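Heads up, the thing below is written out as structure tokens.
The values are calculated or read from the model by the stated rules, or taken from the named source; none is laboratory data. Keep in mind it's a predicted model, so treat the numbers as computed, not measured. With ideal geometry, Cβ positions are generated from the backbone for all residues, glycine too; neighbour counts draw on all protein chains shown.
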Amino acid sequence: MSNWVRVGCLADFPPGASREVLAGERVVALFNCDGTLHALDGICPHQGGPLGEGELCGTTVTCPWHGWQFDVRTGQHATSHSVRQPTLGVKIAGDEIWVDVGT
Ligand code: FES
């Protein structure tokens, strides 16, 4: 079931940006890849690092704590096929960014 939460304004989130946002009580990593927004669960599955504070290069984010890398479009870990970070839906309404945190 969808549960859309407003997390910010598009004007404050330019291409190349990565950011940690709170959507309700959920920590979300939000990325702007050349104008397309993507959202992942913001807690790194390795040891809980803040993925939204990681460096974004193309569509790959690098966790700032120990360097695990994920494709922000799919959540897939760069080298381990068994590790996939949950993705969240993103939509834009006017200048507002919304993330679907589900039920
Ligand atoms: S906590 Fe993210 S790589 Fe270790």
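For region 7-16, the criterion of a residue being touching a Pro at 6+ places or on another chain (Cβ under 8 Å), at negative phi and not polar (S, T, N, Q) is satisfied by no position.
Considering region 26-45, the residues that are within 11 Å of the ligand (Cβ to nearest atom) and surrounded by fewer than 21 Cβ atoms within 10 Å (Cβ to Cβ) include one that is nearest to G102 (Cα to Cα), namely I43.
Just the residues that are surrounded by 15 or more Cβ atoms within 10 Å (Cβ to Cβ) and without any contact (Cβ under 8 Å) to a residue 60 or more places away in the chain, please, taken from region 85-94. Q85, T87 - these are the residues of region 85-94 that are surrounded by 15 or more Cβ atoms within 10 Å (Cβ to Cβ) and without any contact (Cβ under 8 Å) to a residue 60 or more places away in the chain.
Restricting R19, R73 to residues that are under 20 Å from I97 (Cα atoms), modelled with pLDDT of 95 or more, assigned to a loop (DSSP other than H, G, I, E, B) and of a type outside the set (A, V, I, L, M) narrows the list to R73. Set side by side, the residues H38, H66 differ, and just one is under 22 Å from G8 (Cα atoms) and either of a type outside the set (A, V, I, L, M) or not in a strand (DSSP E or B) (or both), which is H38.
For region 89-101, check the following and say yes or no: at least one residue is within 12 Å of the ligand (Cβ to nearest atom) and not in a strand (DSSP E or B). The answer is no, given that none of the residues of region 89-101 is within 12 Å of the ligand (Cβ to nearest atom) and not in a strand (DSSP E or B). Among all positions in region 55-69, there is no residue which is closer than 17 Å to I97 by Cβ and among the charged types (D, E, K, R).
All of G48, G75 fail the test of being away from the ligand (no atom under 12 Å from the Cβ) and at positive phi, apart from G75.
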